[in-house]
Amino acid sequence: MAELAAVVGIGQTRYMTKRGDVSIAGLVREAAVNALRDADLGWDDVEAVIIGKAPDMFEGVVMPEAYLCDALGCNGKPMLRVHTAGSVGGSTALVAASHVQSGTFKRVLTVTFEKQSESNAMWALSTPQPFAVHLNAGAGGYFAPIIREYMRRSQAPYDVGMKVAVKDRLHGARNPLSHLQKPDITLREVEESFMLWDPIRFLEACPSSDGACAMVIASADLVAQSPKPPAWIRGVAMRTEPTMYAGREEVNPQAGRDCAADVYRQAAISDPRRDLDCAEVYVPFSWYEPMWLENLGFAGEGEGWKLTVAGATSLDEGGDIPWNPSGGVLCSNPIGASGMIRFAEAARQVRGDAGAHQVEGARLALGHAYGGGAQFFAMWVVGADKP
Amino acid sequence: MAGLSTQIAIVAYHQSDCVAHAGAANEVELIMPQLRAVFDQVGLANAQDVDFVCSGSCDYLQGAAFAFVAGVDALGAVPPIRESHVEMDAAWALYEAVLKIRMGHARSALVYGFGKSSTGELPTVLSQQLDPYYLAPLWVDTVSLAAMQARLLLDRQLITERDMAAVVSRSRKNAMANPHAQLSGEISVDELLEAESLVAPLRKSDCSPVADGAAAVIICTVEQARQWRVPYALISGIDHRIETHNLGMRDLTDSVSTRQSACSAGYRDGPLDVAELYAPFSHQEIILSRALSLDAGTCINPSGGVLAGNLMMASGLARIGEVFNRVVTGEARRGLAHATSGPCLQHNLVAVLESA
Amino acid sequence: MSQETDLITDIEAPVYLSYNFTAGRAPTRFLTQVKKGVLTGQRCPDCANVYIPPRGSCPACGVATQEEVVLPDKATVQSFTIVSIPIPNNPIQPPFVIANLVLDGANIAFIHLLSECENEQVHIGQRVQAVWKPEQEWDYALDNIRYFKPINETDVPVAMIGRVPVAGWEG
């Protein structure tokens, strides 16, 4: 019933701690221009712009779409700004796709970004909340106890997380855009890094990056106007559950499972490990790879870590289901963009356009994002074949 | 019926009373009664009974990042639901929901907006909405910007201060019939003009009173509305446009994007009995009605508009709801609802509603 | 080029915004009791689960919660982590333990500090009790409880965590 839509252009900026050479407008424009160039299109070919980013306090600009209108050629066009916490990069892509899938527009530009260096994201994430005990726990303090519970249930060996940390950084070393470039990283180096929130060590956590990611999404009849192969959108899904409620399953959230089931059904996927060629999954802390392998149906309950240990998710080890060939969130994390980077990197794979981190012959890929207390999920499946 | 031709209806609307301070009420407590009211209007239990939920709010109004996440606790989101959020007035959340229905991924949607502006000083908070390098460090608040716009209109003799006061007087009078209004009553233009200016040429009465609160709407396909056996208003057109952020580069005495949105939404396809315009300042109502060339046949802001009470992040949705109310009661056959965002009417949305 | 030294590449533009926060009705009731040293949860009329700190609604059912339940200050460790990052304005020294604790009679955990313990001995299912600040320091805040410390009671099996009644855990 939905109109067909495809990604016809992708643009990203180099991710780094501080982009001191551009303003916020300059940063988003860079990604947008890269996407238009990739699609061989101009600003007049864009009918609407959909932007997304995480909390405004990360840069200190309230409702930045007002300010960014001009940088994105949006004067006289519709502009929407999505905000769904950490999953925002993904949900923005989904909202952008809905502009075309609803038949309302033929071609839209979507951009997500974060210029965390301009404010203090860590502060914004852990400002003392009124009337709450201030533990400065931050994201890691929230996720570490959940990881411990996964370790207890699965009895996974203690170094599984560290293996993910090494694997994703080695992937990132193939990606010139990646913030962290660590081609010589070793398991020992990760193990000896500072323990932040046990069991999360410094090198098992994501960096804080400035960056932007943009895509041009078009209807089927306009796809041929762009020279590169399109990434057809085969499935789109979002799910939300409350942050806390009595009996909530935090290790393997229901919202993630339901979201995956929905997107797989749309894309006619019955066995994700077999049917998908690769996945770009939001893993900000290393242990979330084995946990999400289970949540997303790539492995049975308690078995996710086995895939990691066996090298199934590693490009370098010739795994059958590479996860995060771009390096993932563990290599680059401009929070508002990270979700869209996953979606965009999945699209690059099926377009055969992922350069040195290309999964050979990839034709079907999953993009995944999550946010909040692992309660907001956004996913899409993209493919080389027109549905 | 799919895509752009999908017929979408509004079936329920409710808003909280406009109050300057909601006092001890957190997001959940502000939102829940409005959700309960719209669910009851249709006969639904909770968010499980709609296919999609979308909300609008702005963290900076409350002063806490992720304030909107708390709103999810009001929905009954177990089992997990399809839900999204825009950091904008909920009128734009309604737009996102319309797209979702058009693409066939939902037959119904709950849309709500909320804000608790009383915790901070809104005009100052919104000064940080401006270009962070050139304008925000000047701390130009929204009232001052609007005052500059009013000054332009006066200097070009496009309006007089009496015209502005007339808008206020009519709004307050209309608001007497609005049970949710914050400010209402009989007050003459002369009485209004006696007051000193707040930020010249604006008087306090020219500025909408900011309110804490929430508003909610349920939309669905026409088939779904018929299945639910509830009266509905059709959304016959909806569009939005944004203009340049540079105040010096647009004509602040006109609202080009409002006109563009309205034309695209087909507002001229028939007579308009009513128009609810989101004009946070009295002179802006005149700008908007002239931009749309509204004539005497269209009753403007029968609710009193936001000059009677401005629910930040929900007022745009409330304008749509006010037109919906009048259409389903038969008071109007066709109406226009407008929402705005950004300094001096930078970003505008127009929805056209018709009786079934 | 000498012009390069004249280029401005960034500016510091501090933002000062003052907010006057109010707690919601349900948190206000809760905090008023906490000021007196009493811990209260709220029970959902639909699913009967008890929430502390209460926010006025049951997030699962989406209904308002009214019924107040007085709870003891004993709890069970549901999960925890050892933190190496200090807390501003808090004397506790890293590495310290923060844990998700479920009070007896409650069905949901809240996060707080553990102390007077060996970090390596902390485990899931462990029984702990609140150590309060001196009464004259009590305010409208859950940090009237300085931290929780282990007590000599048998561990709660994982399946029972979040289901221990108000009367406590007999072991």
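For the range A:27-102, which semi-axes, largest first and in whole Å, follow from the square roots of 5 times the eigenvalues of its Cα gyration tensor?
20, 15, 12
For the range A:185-232, take every pair of Cα atoms, bin their distances at 10 Å starting from 0, and report each bin as a whole percent.
All Cα pairs, binned at 10 Å, distribute as 20, 25, 14, 18, 20, 3 percent.
Report, largest value first, the span of the C-alpha coordinates of the range B:232-272 along each principal axis, in whole Å.
41, 16, 14
For the range B:68-113, what's the radius of gyration and Dmax over Cα atoms, in angstrom?
Just the Cα atoms of the range B:68-113 yield Rg and Dmax of 10.9, 29 Å.
Which value, to two decimals, describes the C-alpha radius of gyration of chain A once divided by 2.2 N^0.38 Å? Each step should come with its number before you reach the end.
Details: Rg = 19.3 Å, N = 387, 2.2 N^0.38 = 21.2 Å.
So chain A has a normalised radius of gyration of 0.91.
Considering amide H positions built from the backbone, and no H for Pro or chain starts, which residues 5 or more places from A:ALA237, or on another chain, come under 5 Å of its amide H?
Sorted by chain and number, the residues that satisfy this are A:MET379.
Take peptides A:17-23, B:7-13, C:44-50 and line them up by average Cβ neighbours within 10 Å, highest first, as a rough protection proxy.
On the way: A:17-23: 14.7, B:7-13: 23.7, C:44-50: 17.3.
Highest to lowest by the protection proxy: B:7-13, C:44-50, A:17-23.
Taking Rh as the Kirkwood radius computed over C-alpha pairs, what is the Stokes-Einstein D of the range C:20-71 at 4 °C in a medium of viscosity 1.567 mPa s, expressed in µm² per second?
118
Going by average Cβ neighbours within 10 Å, how do the peptides C:19-25, A:334-340 rank, with the highest at the top? Walk me through the numbers before you get to the answer.
Values: C:19-25: 17.4, A:334-340: 32.6.
With the highest mean Cβ count within 10 Å placed first, the list reads A:334-340, C:19-25.
Take peptides A:373-380, A:360-367, C:34-41, B:154-161 and line them up by average Cβ neighbours within 10 Å, highest first, as a rough protection proxy.
Going from most to least packed, we get A:373-380, A:360-367, C:34-41, B:154-161.
When the accessible area of the range C:73-162 is split by element with a 1.4 Å probe, what percent falls to carbon and sulfur?
Roughly 48 percent of what the probe reaches on the range C:73-162 is carbon or sulfur.
What residues qualify as long-range amide H neighbours of C:LEU39, i.e. H under 5 Å apart, gap of 5 or more or another chain, H built at 1.01 Å from N?
Close amide H contacts, sequence-distant or interchain: C:LEU71.
Could you point to the residue in B:SER127, B:ALA45, B:GLY316 farthest towards the positive end of the protein assembly as shown's charge dipole, with +1 and -1 charges on the Cβ of Lys/Arg and Asp/Glu respectively?
Toward the positive end, the furthest listed residue is B:ALA45.
Compute the acute angle (0 to 90°) between the alpha-carbon long axis of helix C:25-35 and the principal axis of greatest extent of the alpha-carbon atoms of chain C; round to the nearest 10°.
80
Assuming R0 = 30 Å, what is the FRET efficiency of C:ASP46 and C:GLU170, from their Cβ-Cβ distance, to the nearest 0.05?
It comes to 0.55.
Based on C-alpha coordinates, I'd like the Rg and Dmax of chain C, in Å.
Both quantities, over Cα of chain C: 20.9, 79 Å.
What percent does the relative contact order of the range C:73-162 come to when contacts are Cα pairs within less than 8 Å and at least six residues apart?
In percent, rounded to a whole number, it is 32.
Counting only protein heavy atoms and rolling a 1.4 Å probe, how much accessible area do A and B lose on contact, total for both sides, in Å² to 100?
Between A and B, the summed buried area is about 4800 Å².
Identify the chymotrypsin sites (Phe, Trp or Tyr not before Pro) of the range A:81-172 meeting these criteria: DSSP loop state and at most 13 other C-beta atoms within 10 Å of the C-beta.
The qualifying sites are A:TYR158.
Check B:ARG203: other-chain or 5+ apart residues with amide H under 5 Å from its amide H, H built from backbone geometry?
Those lying under 5 Å, H to H, from B:ARG203 are B:LEU198.
When you look at the Cβ of every residue in A:145-155, what mean number of other chain Cβ atoms sits within 10 Å?
3
For B:21-33, what's the mean count of beta carbons from other chains sitting within 10 Å of each residue's beta carbon?
5
If the viscosity is 0.890 mPa s and the temperature 25 °C, what translational diffusion coefficient in µm²/s does Stokes-Einstein give for the range A:291-331 when Rh comes from Kirkwood over Cα pairs?
236
Give me the inter-chain shielding for B:43-52: mean count of other chain Cβ atoms within 10 Å, whole number please.
1
Checking an interface number: how much accessible area is buried between B and C, summed over both chains, with a 1.4 Å probe, in Å² rounded to 100? Don't skip to the end; give the middle numbers.
Details: alone 14670 and 10950 Å², together 23620 Å².
Answer for the B-C pair: about 2000 Å² buried.
Before rounding to the nearest 500, sum -39500 (n - 2.57) across all DSSP H runs of length at least 4 in the protein assembly as shown and divide by the residue total; then give [θ] at 222 nm in deg cm²/dmol.
-8000 deg cm²/dmol
Of B:ILE242, B:LEU61, B:VAL306, which is farthest along the charge dipole of chain B in the positive direction, counting Lys and Arg as +1 and Asp and Glu as -1 at C-beta?
It is B:ILE242.
How large is the Kirkwood hydrodynamic radius of the range C:73-162, in angstrom, based on all distinct alpha carbon pairs?
By the Kirkwood definition, the hydrodynamic radius is 13.4 Å.
Roughly how large, in nm² to one decimal, is the mean projection of the convex hull of the alpha-carbon atoms in the protein assembly as shown?
Seen from a random direction, the Cα hull of the protein assembly as shown projects 37.6 nm² on average.
For chain B, state what percent of all Cα-Cα pairs lands in each successive 10 Å bin, counting from 0 Å until the bin that includes the largest distance.
For chain B, the pair-distance distribution reads 6, 27, 36, 24, 7, 1.
The values are calculated or read from the model by the stated rules, or taken from the named source; none is laboratory data. The model shown is predicted, which means the values in this text are computed figures rather than measured ones. A quick note on method: Cβ atoms are made from the backbone with ideal geometry, for glycine too, and the neighbour counts reach across all protein chains shown. SASA here: full protein model, heavy atoms, side chains in, ligands and nucleic acids out. Shrake-Rupley method; radii C 1.70, N 1.55, O 1.52, S 1.80 Å.
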